[in-house]
Structures are given as structure tokens and as C-alpha cells.
Amino acid sequence: MSLPDAFDPDAPAGALDGLFGLPDDPEQAAVLVMSVPWEPTTSYRQGTAHGPAAIARATLQVDLHDVETGDPWRHGIARVEAQLDIEALNARACALAEAVHLAGGVDPARAELVAAAAEVDALSEQIRDEVARFTGACLDHGRIPAIVGGDHSVPLGAMIAAAARHPGLGILHIDAHADLRVAYEGFRYSHASILHNVLEQAPQVGPVVQVGLRDLSTRERARLQSDPKLHAWLDAELGLALAQGQTWAELSAQILAPLPDKVWITFDIDGLDPSLCPRTGTPVPGGPSWREALFLLRALSSSGRTIVGFDLCEVAIDDPDDPTDAWDAIVGARLLYKLAGHALRTQASSTEIR
Ligand SMILES: [Mn+2]
């Protein structure tokens, strides 16, 4: 797969171009991106449903040569439309969820809240199945699937589909939260439950490596200590090790050690230092810096493992019509390009990408 020779990677992107100013041609692209503007279970602060469109706009000012991964653009990065009207489903689900959020969760004595949460769960299963269909089709055709959320409930179907095709699949999960809650506010498919749901609904998933965790419930902490699939790196532990003189390179090697040959990356932007994502739904102080996160990705893509696909969730902006409200999307667009570049680096022939 390659672009026409006439394409100039240094030319300014036009407003009508696809992601990163590249032709939006899924037939010719190695990385296929599905936008999933979905956020009904966002419990604190909304705006991540604007994430995919804001990221897409911000990609137009990303330089296409990447000093770490080479020239990912040569392999093509194109959007694929969902077969569902996700915006309409999201509007419906958010309207249903609003009363639940206002009540602080589902009160079992209030039948209307129980019914609303059940309907949100059913809509969430439609999203899960559509994301699984897309991911499975990408993998079956030798492409790299990339899911852009939306809240962090979005990529459940992706990890189900990827694990079905790669039994034992490892998950690299970057997040401030463990996302191991058994439902949250009464929503089974909550952003706070994604890893619990992955472990429950994708039993073929192997080791799950979690990085940057700094906001845990008591039960989540207990599960981290008891579930043999989970390899969690609390941000406090990482900070302590760095303060005591361990290097990030040493820590990165230890972090990645449990991962098998095939890896899915699930990246919640709130895992990063919140100066990089101030508008995300549930920001928490601390977390890896930009450089640390990119080093970890580089260590992974240099390790001989294959990144089979990835998702990027929880990038949010407040006002999609305000061009100055773009910082989080700028970070998200650059992270999307880095993720694509590192995934390609593990799959493309070494003569093309070093
Ligand atoms: Mn999170």
C-alpha cells in the first residue's frame, strides 16, 4: 500500500483532506481509523464526544515526517465511517443517562432510572458490536485498526475482536484509572469498567499491563493484587522508583516484560500528565510526561513485539466551534500519529520504516 508519487508530505494540508492531510482512501491505507463519538457514561465532565472531530482538525497541522518512527504517512492512514449513526445513538443515550447522572447513579427503587440504564447498556452493546465488526474486518484484511473515542467504554469490542484473532493478546493500558469497576453508576458499559468488561467478555486476552494508575477504588486495588492477568504500575510507585534513581528506560523494560508477542494499546489520554489533556473527563494530577509516554511506546515498538491495533480515548474539548479550544486535540492528534507510527514500525518491513 502506498501513496501516489505526486503526494508532497511537506505541503500544507487542505481543508478537504483526510486525517493528517492524507487522501481518505481506505483501500490504500495500512491504518484504518474509526471515530466513535460516544460518551453517555461520562460521569464527571462531558466533551469527549467532540474528540474525534477535534482531533481530525488538529491532524492537519502535524508534520508528516516523524523523527522517531520515520514516515508513517507513506503507508496511508484513512478514516472508515461506522455503519451506525453513532452521533444519533450518542445523543439518545446521553439523554437517557442524564437522569442517572443527576441522581448520582441508578437507584434500584426508581424504575425509570433502572429502565434508562438498561437502555443505555443495550445501546452500548450496539457500539461494542460495531467496533468489534470494524476491528475484525481490519485485522482480517491485514490492516491496523485504530479506534478514536469517545469515552473509554468505546474500545471494548476492539479488544474482543483482536483477542479472538490473537489468543493470548497482551493489552498495554495507559490510564490514570484502573477501569476495573463492575459497572459504575449502574451502567454496565461504563468508561470506568472497560478493563473489567474486557477480562469478562474477552477471555482470550492474556496479560494486561496498566501504567500510570493513580485513582483506584478499594475493590479495584484488591483486584490488582489478586488477578494474575493484571500487571499494574501505580503512578506513585513509578514516581518513587524514579526519585530513588531508577531510570525510565529501566522501568519501561520492567513494565513491558509481561507482554507477549501481540499487543493492543488502549490509551486513555487522562493517563498522561493532565497539562497535556486539561479538558479530559476525569483528570488526575501526576502521570507520565509526554517524553516518558513516547519512550514507552518506542521501547514497545523496538522490542520485537507486534502492535496489532490501538485506541485513543477521552480526548475532550469544550466547544467544537471555538478554534482556540484545541490544545487537548493537538496533543491527541500527535499521539494518534505516534501510535500509528509505532504500530506500523512493528508491522512494516524494516527497509521502509526504521
Ligand atoms: Mn481514565
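The values are calculated or read from the model by the stated rules, or taken from the named source; none is laboratory data. The structure presented is a predicted model; accordingly, all values stated were derived computationally and were not measured. Because the Cβ atoms are built from the backbone with ideal geometry, glycine has one as well, and the counts that use them run over all protein chains shown.
Does any residue in the range 240-266 that is under 23 Å from Leu312 (Cα atoms) come within less than 8 Å, Cβ to Cβ, of a residue that is assigned to a loop (DSSP other than H, G, I, E, B) and aromatic (Phe, Trp, Tyr) six or more places away or on a different chain, and which pairs are these?
Once the first residue is under 23 Å from Leu312 (Cα atoms) and sits in the range 240-266, no partner that is assigned to a loop (DSSP other than H, G, I, E, B) and aromatic (Phe, Trp, Tyr) comes close enough.
Among the residues of the range 270-294, how many are farther than 20 Å from Thr48 by Cα and modelled with pLDDT under 95?
Final tally of qualifying residues: 0.
Return the residues of the range 256-273 that are in contact with a Ser or Thr (Cβ under 8 Å, 6 or more places away or on another chain), away from the ligand (no atom under 11 Å from the Cβ) and more than 25 Å from Thr135 (Cα to Cα); say none if nothing qualifies.
Answer for the range 256-273, where residues must be in contact with a Ser or Thr (Cβ under 8 Å, 6 or more places away or on another chain), away from the ligand (no atom under 11 Å from the Cβ) and more than 25 Å from Thr135 (Cα to Cα): just Asp273.
Which one of Ala343, Ala253, Ala316 is farther than 27 Å from Asp140 by Cβ and more than 16 Å from the ligand (Cβ to nearest atom)?
The match here is Ala253.
Can you tell me how many residues in the range 12-49 are closer than 27 Å to Leu139 by Cα and either among the polar types (S, T, N, Q) or not in a loop (DSSP other than H, G, I, E, B) (or both)?
14
So which residues in the range 279-288 are more than 25 Å from Asp66 (Cα to Cα) and either away from the ligand (no atom under 16 Å from the Cβ) or within 18 Å of the chain's Cα centre (by Cα) (or both), if there are any at all?
Listed by number, the residues that qualify are Arg279, Thr280, Gly281, Thr282, Pro283, Val284.
Say we look at the range 135-146 and pick out the residues that are assigned to a helix (DSSP H, G or I) and not charged (D, E, K, R); which of these is nearest to the ligand (Cβ to nearest atom)?
Thr135
If you go through the range 289-303 one residue at a time, do you hit one that is within 13 Å of the ligand (Cβ to nearest atom) and within 14 Å of the chain's Cα centre (by Cα)?
no
Given the residues Ala178, Ala161, Ala132, which is the only one that is within 16 Å of the ligand (Cβ to nearest atom) and either in contact (Cβ under 8 Å) with a residue 24 or more places away in the chain or surrounded by 24 or more Cβ atoms within 10 Å (Cβ to Cβ) (or both)?
Only one candidate passes the filter, namely Ala178.
Restricting to the range 48-57, name every residue that is among the small types (Gly, Ala, Ser) and farther than 17 Å from Leu96 by Cα.
Answer for the range 48-57, where residues must be among the small types (Gly, Ala, Ser) and farther than 17 Å from Leu96 by Cα: Gly51, Ala53, Ala54, Ala56.
Looking at (1) of a type outside the set (Val, Ile, Thr); (2) farther than 21 Å from Ala56 by Cβ; (3) in contact (Cβ under 8 Å) with a residue 12 or more places away in the chain, which one does Glu314 not meet, given that it meets all the others?
All conditions pass for Glu314, except number (2).
Is it the case, given these coordinates, that Leu169 is crowded, with 21+ Cβ neighbours inside 10 Å, of a type in the set (A, V, I, L, M), closer than 29 Å to Pro52 by Cα and out of contact with any Leu (no Cβ under 9 Å at 6 or more places or on another chain)?
yes
Would you confirm, using the coordinates I've provided, whether Arg305 is under 20 Å from Pro207 (Cα atoms) and at pLDDT 95 or above?
yes
One residue is enough: does the range 209-219 have a residue meeting the conditions surrounded by fewer than 20 Cβ atoms within 10 Å (Cβ to Cβ), of a type outside the set (D, E, K, R) and under 25 Å from Gln46 (Cβ atoms)?
Yes - at least one qualifying residue is present in the range 209-219.
Given the structure, is Ile194 in contact with a Lys or Arg (Cβ under 9 Å, 6 or more places away or on another chain) and either over 28 Å from Gln254 (Cβ atoms) or within 15 Å of the ligand (Cβ to nearest atom) (or both)?
No, not satisfied.
Among the residues of the range 298-310, is there at least one that is among the polar types (S, T, N, Q) and buried (at least 23 other Cβ atoms within 10 Å of the Cβ)?
yes
Return yes or no: is Ser226 of a type in the set (Ser, Thr, Tyr) and either within 16 Å of the ligand (Cβ to nearest atom) or touching a residue at least 24 places away in the same chain (Cβ under 8 Å) (or both)?
No, not satisfied.
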